[in-house]
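K.L.:
Structure in structure tokens, see below.
The values are calculated or read from the model by the stated rules, or taken from the named source; none is laboratory data. Not measured: the values here are computed from a predicted model. Cβ: placed from backbone, ideal geometry, glycine included. Neighbour counts: every protein chain shown.
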Amino acid sequence: MLLLSAGMFGQMYNPVKWTTSVEKISDKEYVLKAQAVIQSGWHLYGQYIEEGGPSRTAFNFKNPKKSFELIGKTTEEKGHEVQDKIFDMKIKYFEDKALFTQKIKFTSDEVSNIAAEVEFMVCDDSNCLPPSSEELAFKIPNVKKVAAAEETAVTKNDTVVTEDKTIVEAEKTVSKAVADPVKKQESRGFLSIFIIAFLSGFAALLTPCVFPMIPMTVSYFTKQSKTKAVGIRNALIYGFSIVVIYVLLGSIVTAIFGADSLNALSTNVWFNLIFFVLLVVFAISFLGAFEIMLPNALANKVDSQADKGGLIGIFFMALALAIVSFSCTGPIVGTLLVEAASKGGIAPIVGMLGFSIAIALPFSLFAAFPGWLNALPRSGGWLNTVKVVLGFLELALAFKFLSNADLVLQLHWLEREVFLAIWIAVFGALAFYLFGKITLPHDSPLNHISVGRLSFGLIVLSFTIYLIPGLWGAPLKLISGFPPAMHYSESPNGIGGGNTEPANKETLPEGAEYGPHNIITFHDYDKGMEYAKKAGKPVLLDFTGYACVNCRKMEELVWSDPKVLGILKNDIVLISLYVDDKKDLPESEQYVSETTGKKIKTIGNKWSDLQIKTYKANAQPFYVIVDHKSANLAEPSAYNPDITAYYSWLQSGIQNFKK
């Protein structure tokens, strides 16, 4: 539950900024340098990638007057090289920055600027942008300048900085149809964090460090207060103080890391590795190996301040509770902050608000109604059982962070089968613990198993058995999004699996072909729309790319679901528009984009320009349901592995079409 996340909707991205400079070697020889500054979380592909892979970076140095000659090839830095399983080849990419250099020799003295064009492609863990090109200008020092009209970039000292003005303009005019879903999705994301944190707060209440404090604290307020009303007032202030303390902790995390910068951490390798280790430490602590405690001196000092009485004394009593219970609440709070931090924004504050309200609520309610204390179960060994169960859950969650790091690096060390095997071992051990077959430090002697413990043990055992078929290719839709995707596996199609060709190929409509899962698919917008009118069906526009990893994930994980697949095959016309299609448009169909001002030369350029112009978005995958007049039937959707949400989204579009 701690890894529930909202899908990301389309928006404009411009993750690469190019700068140029020139280094003089001799009077005739120079080195042209082009540096790409890459936004955190994104990566830029290298120049030398085999055919069939993602679009590589390519430079075209313009030399119409033959005033210089290139010496050797354009060189690049070391970068990262991985064996990509999807493309089945070695692929080189760069993170943060990349420097490309080209040595030249002048054959003429009347050159002050050299123009070039760079074509490149960038991806992150959720999006792949279509191949883009950018004009570069290299200012040659100590040479007479040509006319100002020939200069195509803004110069600063000896460096030329070029910016994609169309992207900037597009960012300023993000359409309301796409911006509104983003805000709604963020609201849903914060609500999910609040609810999960609230439930986690109740889990923390059932730990040995917190639960016994409820009757003691409530008893203190009722005895020290002269009237019942004063006791209730003091208890409410105490509860409010607990909320303030934990929300302050969330605010500090947000202030240190920044409200927006935390988002990039979710795909950062070091972030995931550090918190994998952190959660393993939390889990071992919960299992009884040691306790995570704050210094006793701090606890004693805070406790002495609590004796002063008044509002300040009540606040310090709340702070004392937070410190004394840290060995139980610390791992839970730490896990919440880790997950909230990966969401970015004010998520840590929202998470701590939900957690603290759940902690504070019982103290306030029992102070108002002291008679309820008689209904509470007595403290005992069952509290330690709750703590151990939380430890096993922390351990399982830790491997999700390790899996994220493995996916980003594409190491294939923690593929789907390995991940599931670890989870089977963890939850299997938890089941044995609940049945009393495994005992841990601090466990009380178990003479018999209670009905509640037996019932929960059976649930865990059933879940463990459910995971086992996943080792042989079962989809395991109950935990979709937790283990690595089906394609990130030793056997992507399952044991003995594989796609079969349909027997009735001759029935394909003109201009169509069989796509993923043998769905009839059009790759031309006009032909697809024409067929949709004849068939009387709505259209699903699928802005995708051959090198788009998350597009493949959606096709393999979400489109394969029987309900979704039934809609895609029977109730809708699919038009898949590949924004990285390199085929040239006929000369008569080439044009200059109204949005970007660039000449549209390829089929991929055409579909990318359509996406930017119509929907003010340039990331893939990007899905839009439209009618025969290209009017939206539902808010656009993007990468969202939630099968139920995607199915509901398709259904809503179809229902709006029928109205």
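K.L.:
Scanning the stretch 603-641 for residues that are part of a strand (DSSP E or B) and more than 22 Å from residue 562 (Cα to Cα), which turns out nearest to the chain's Cα centre (by Cα)?
P.N.:
Applying the filter and picking the extreme gives 620.
K.L.:
In the stretch 570-607, what residues are touching a Phe, Trp or Tyr at 6+ places or on another chain (Cβ under 8 Å) and not charged (D, E, K, R)?
P.N.:
Correct list: 573, 574, 575, 576, 577, 578, 579, 600, 603, 604, 607.
K.L.:
Moving on. For the stretch 93-141, enumerate the residues that are over 25 Å from residue 29 (Cα atoms) and of a type in the set (Lys, Arg).
P.N.:
Within the stretch 93-141, just 97 meets the criteria.
K.L.:
Looking at residue 644, is it farther than 19 Å from residue 568 by Cβ and not in a strand (DSSP E or B)?
P.N.:
No, not satisfied.
K.L.:
Search the stretch 353-387 for residues being β-branched (Val, Ile, Thr) and farther than 26 Å from residue 231 by Cβ, and hand back the single one that is modelled with the lowest pLDDT.
P.N.:
My answer is 386.
K.L.:
Something else: List pairs: first residue in the stretch 590-604 and farther than 12 Å from residue 133 by Cβ, second residue surrounded by 16 or more Cβ atoms within 10 Å (Cβ to Cβ) and aromatic (Phe, Trp, Tyr) anywhere in the structure, Cβ distance under 9 angstrom, at least six positions apart or on different chains.
P.N.:
Taking only residues 6 or more apart or on different chains, the pairs are 603/578.
K.L.:
Which is charged (D, E, K, R), under 24 Å from residue 580 (Cα atoms), modelled with pLDDT under 80 and surrounded by 18 or more Cβ atoms within 10 Å (Cβ to Cβ), of 88, 164?
P.N.:
It is 164.
K.L.:
Return the residues of the stretch 94-141 that are more than 19 Å from residue 60 (Cβ to Cβ), assigned to a strand (DSSP E or B) and touching a residue at least 60 places away in the same chain (Cβ under 8 Å); say none if nothing qualifies.
P.N.:
97, 123, 128
K.L.:
One residue is enough: does the stretch 581-601 have a residue meeting the conditions at pLDDT 85 or above and crowded, with 18+ Cβ neighbours inside 10 Å?
P.N.:
Yes, because at least one residue in the stretch 581-601 is at pLDDT 85 or above and crowded, with 18+ Cβ neighbours inside 10 Å.
K.L.:
Can you give me the ranges of the strands (runs of 3 or more DSSP E) entirely in the stretch 445-551 with at least 1 residues that are in contact with a Cys (Cβ under 9 Å, 6 or more places away or on another chain) and at pLDDT 80 or above?
P.N.:
539-544
K.L.:
Pairs only if they're at least six apart or on different chains, beta carbon under 7 angstrom, first in the stretch 432-455 and surrounded by 11 or more Cβ atoms within 10 Å (Cβ to Cβ), second part of a loop (DSSP other than H, G, I, E, B) and among the β-branched types (Val, Ile, Thr); list them, first residue then second.
P.N.:
Filtered contacts from the stretch 432-455: 432/438; 435/449; 436/449.
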